[in-house]
Amino acid sequence: MRVALFVTCVNDLAFPQTGRATVTLLERLGVEVGFPEAQTCCGQMQYNTGYPAQAAPLAKKFARDMAGYDAVVIPSGSCGAFVRHVHPKLAQSPTELPPVYELTEFLTDALKAEDVGAYFPHRVTYHPTCHSSRLLGLGDRPLRLLRAVEGLELVDLPAAEECCGFGGTFSVKNPDVSAAMGRDKIAHAQDSSADYLAAADNSCLMHLGGIARRGRSPLRTIHLAEILAAIKQTKETKENKGAIR
Amino acid sequence: MSGSATYIGMPSFPQAAKQSTKNAQLRANLTRATHTIRDKRARAVAELEDWEQLRQAGRAIKDHTLRNLDAYLLQVEQAVTEAGGTVHWARDAAEANRIVADLVKATGQDEALKVKSMATQEIGLNEALAAEGISAYETDLAELIVQLGDDRPSHILVPAIHKNRTEIREIFSTQMSRWGRPAPKELTDRPAELAEAARLHLREKFLRAKVGISGANFIVAETGTLLVVESEGNGRMCLTLPETLISVVGIEKIVPTWRDLEVFLQLLPRSSTAERMNPYTSMWTGTTTKDGPKAFHLVLLDNGRTRALADQVGRQALRCIRCSACLNVCPVYERAGGHAYGSAYPGPIGAILTPQLRGTASELDASLPFASTLCGACYEVCPVAIDIPEVLVHLRAQVAEHAPHTQQTESSIANSPEASKSPKFPKSSSHRAERAAMKAATWAMTHPAAYRAAENAILITRSLHPKRFRGPAPQPAKAWTDSRDLPDLPKQSFRAWWKETHR
């Protein structure tokens, strides 16, 4: 099986470690990963801000870029949901698209994997981002994967189902409400006594991480892929560390 | 008792929310109340195994009725008339208010009792009647609190949700005497005492009133029967004691048959008050000779509804049965408060209903579709499956599309005769800059070489990017960094790493 990684524009530019972790993880599980280099952005920002005409060319481009692969894997619940639910409406004569998976769907549904051989000796809480839970219906897939990670202590996040307040351009159009929601989410994560707040969406984590840092919280934010890619550091792997981080 | 503030000239949602998010008391009142109702609703809904089927049935009945609304409206008119009522048609708020004021005046009365009603809040009936020298007394406990406090409702079901009982005690003690029987002298903030004070105050009015004014939760087309569901029984007092009853009802409130009510009388109480059944359900069909009002008038209200009906995506908002489940789960409503929405309909449903009923000509109305993170919690709980996020995004596109393209076209549109007719013409020019930015982004994103170059430029200059923008700065950058740090950008993009390691 040859899968195309759609890394997302946010990850490409600001969180490349998530993209690297996704590649590392998938290759470790024996998947042949390709990265169609013409790829850019799924168009969600334009569409959700009220510019569907600007999103349509990007939906068509996505279909062209991903053509010929057996599957597409996206390390983002939000972009994954947008491609699955909105792209068919935008691309008027849709090119035959390979099946599109969000990363945890691909691991649990396509690969039937829960224990992906990861080692992460930290206390972690998981925030089910709105689009990954309500639009994609990831359910307990991320939790099943996290529970199987060696050394990881998974703690419950109070009010987990509540939105973090990012909301794309909502974060800058309604900054006061957005920040108030984000501060509450960080407070809940701190109450959980976790060291790491994990999620399957770096855009939400960018907002939450920015709030945690502004508030000088010791809490760290991390994308799920980076936890699942982490392994015990043996002498051999330490020499290849660059391949993971 | 006229002076409730109106909605005209209110600040945009973000401006209003900037103030309300700082109000710790408001936030505490709202969080406690919404979380309590939210949890109770979830339990009440979980009791029914066929909830999802009920929800889809509710949606289907409403959609069918809306598709055939022309025929059902005529059926209602005929049935109500045959049952001894009089039907009036009101195109907009002004017409409805005019009709009601004239009907009250014709009775020779200068006061009327109100049943809690969203339609009359929507059209500002109390204020319109006051201008004609008619006092309209709210009799729903929470509406009474709002009216006595010269305040505005901030929630569909619990209009005084923003007040706690200490604040309510204060309002009763100082204001009841101005409008009738004063509150007992030693009034405390115990709920039972507050309820008793309201009961005594209202009883005086119930026994005196000659005119009642209501809305309706449903109109059954086959018999012309109106329904009001409530918890307190005060509504039933107003519906049965006066000699004249005037009901102002939105044209979307129709259900075809009694059998259809079976669905809604399960959906509504569980979604709104989290009860299996509400305590009082009053139904009336025209007039009867032996009991109840001698005269009944039904004012059917359009006020933007037919325009909403013409919108293929937006029309689903007309399915709304005003349960307020979406308000109680909305994280934005919880933090901004109901007043920030600037209409009788706050919360997620208000954000899609108000811009359709009123248009988006004002800055406030144009800002409402953006007052959501699109988290989808509202859609999940909606008993008639209104896809609120879908409508929000649809309305955002309308606001963005109707924004002027250039300075020149802005003034030429404003001067054209169309401008005065078109309700959808936002004054804000911020969408012009935004459209240019979105176009530029899409251009770059469809030209991979340009995209790579822009990406590299951003990363090469990363040490120069400020962590926090102060003073004059691009609005989005400042809005982000006022409360959040920007992420540290990496030395190398993912794409550059891939090229280095995989090619």
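Restricting attention to the range B:451-494 and to residues that are of a type in the set (Gly, Ala, Ser) and in contact with a Ser or Thr (Cβ under 9 Å, 6 or more places away or on another chain), the residue that is surrounded by the most Cβ atoms within 10 Å (Cβ to Cβ) turns out to be B:479. The number of residues in the range A:105-127 being buried (at least 21 other Cβ atoms within 10 Å of the Cβ) and farther than 20 Å from residue A:66 by Cα comes to 6.
Highlighted here are the helices (runs of 4 or more DSSP H) found entirely within the range A:1-72 that include at least 1 residues which are touching a Pro at 6+ places or on another chain (Cβ under 9 Å) and of a type in the set (Ser, Thr, Tyr): A:16-28.
Of the helices (runs of 4 or more DSSP H) lying entirely inside the range B:1-110, those containing at least 3 residues that are within 24 Å of residue B:264 (Cα to Cα) and out of contact with any helix residue (DSSP H, G or I) (no Cβ under 6 Å at 6 or more places or on another chain) are B:24-46, B:51-67, B:69-82.
Could you tell me whether the range B:363-378 includes any residue that is modelled with pLDDT under 95 and surrounded by fewer than 24 Cβ atoms within 10 Å (Cβ to Cβ)? The answer is yes; a qualifying residue exists.
For the range A:1-47, taking the residues that are more than 8 Å from chain B (Cβ to nearest Cβ) and of a type in the set (Lys, Arg), the one that is surrounded by the fewest Cβ atoms within 10 Å (Cβ to Cβ) is identified as A:2. Looking across B:55, B:91, one residue alone is modelled with pLDDT of 95 or more, within 23 Å of the chain's Cα centre (by Cα) and within 23 Å of residue B:256 (Cβ to Cβ). It is B:55.
All of B:439, B:424 fail the test of being surrounded by 14 or more Cβ atoms within 10 Å (Cβ to Cβ), of a type in the set (Lys, Arg) and at pLDDT below 50, apart from B:424. Is it the case, given these coordinates, that residue A:149 is among the β-branched types (Val, Ile, Thr) and crowded, with 21+ Cβ neighbours inside 10 Å? Here the answer is yes, as residue A:149 does meet what is asked.
Residue selection: residue B:278 fails the criterion of being assigned to a loop (DSSP other than H, G, I, E, B) and over 30 Å from residue B:200 (Cβ atoms).
Whenever a residue of the range A:168-182 is at the interface with chain B (Cβ under 7 Å from one of its Cβ atoms), its partners that are crowded, with 23+ Cβ neighbours inside 10 Å and basic (Lys, Arg), lying with C-beta atoms within less than 7 angstrom and at least six residues away or across chains, give the pairs A:177/B:335; A:179/B:484; A:180/B:335; A:181/B:335. One residue alone among A:77, A:50 is touching a helix residue (DSSP H, G or I) at 6+ places or on another chain (Cβ under 7 Å) and facing another protein chain (nearest Cβ under 10 Å), and that residue is A:50.
Report whether or not residue B:340 is at the interface with chain A (Cβ under 9 Å from one of its Cβ atoms), under 12 Å from the mean Cα position of the chain (by Cα) and assigned to a helix (DSSP H, G or I). Yes, satisfied. Among the residues of the range B:168-196, those identified as under 29 Å from the mean Cα position of the chain (by Cα), surrounded by 14 or more Cβ atoms within 10 Å (Cβ to Cβ) and hydrophobic (A, V, I, L, M, F, W, C) are B:168, B:171, B:172, B:176, B:179, B:194. The number of residues in the range B:111-154 being crowded, with 23+ Cβ neighbours inside 10 Å and in a loop (DSSP other than H, G, I, E, B) comes to 8.
Of the strands (runs of 3 or more DSSP E) entirely within the range A:75-156, those holding at least 2 residues that are under 14 Å from the mean Cα position of the chain (by Cα) occupy A:100-102. Any idea which residue in the range A:56-104 is surrounded by the most Cβ atoms within 10 Å (Cβ to Cβ), counting only those that are more than 25 Å from residue A:228 (Cα to Cα) and of a type in the set (D, E, K, R)? Ranking the qualifying residues of the range A:56-104, first place goes to A:61.
Scan the range B:198-256 for residues that are polar (S, T, N, Q) and out of contact with any Phe, Trp or Tyr (no Cβ under 9 Å at 6 or more places or on another chain) and the total you get is 1. A single entry from B:12, B:20 fulfils the requirement of being within 23 Å of residue B:314 (Cα to Cα) and within 14 Å of chain A (Cβ to nearest Cβ): B:12. Annotation note: of A:212, A:198, A:189, A:194, the sole residue that is part of a helix (DSSP H, G or I), crowded, with 19+ Cβ neighbours inside 10 Å and away from chain B (no Cβ under 13 Å) is A:189. Restricting to the range B:179-207, name every residue that is in contact (Cβ under 8 Å) with a residue 24 or more places away in the chain and in a helix (DSSP H, G or I). Once the filter is applied, which keeps residues that are in contact (Cβ under 8 Å) with a residue 24 or more places away in the chain and in a helix (DSSP H, G or I), the range B:179-207 yields B:179, B:191, B:194, B:195, B:197, B:198, B:201, B:202, B:204, B:205, B:206, B:207. In the range B:371-381, of all residues being of a type in the set (A, V, I, L, M, F, W, C) and under 15 Å from the mean Cα position of the chain (by Cα), the one that is farthest from the other protein chains (Cβ to nearest Cβ) corresponds to B:378.
The values are calculated or read from the model by the stated rules, or taken from the named source; none is laboratory data. Source: prediction; values computed, not measured. A quick note on method: Cβ atoms are made from the backbone with ideal geometry, for glycine too, and the neighbour counts reach across all protein chains shown.
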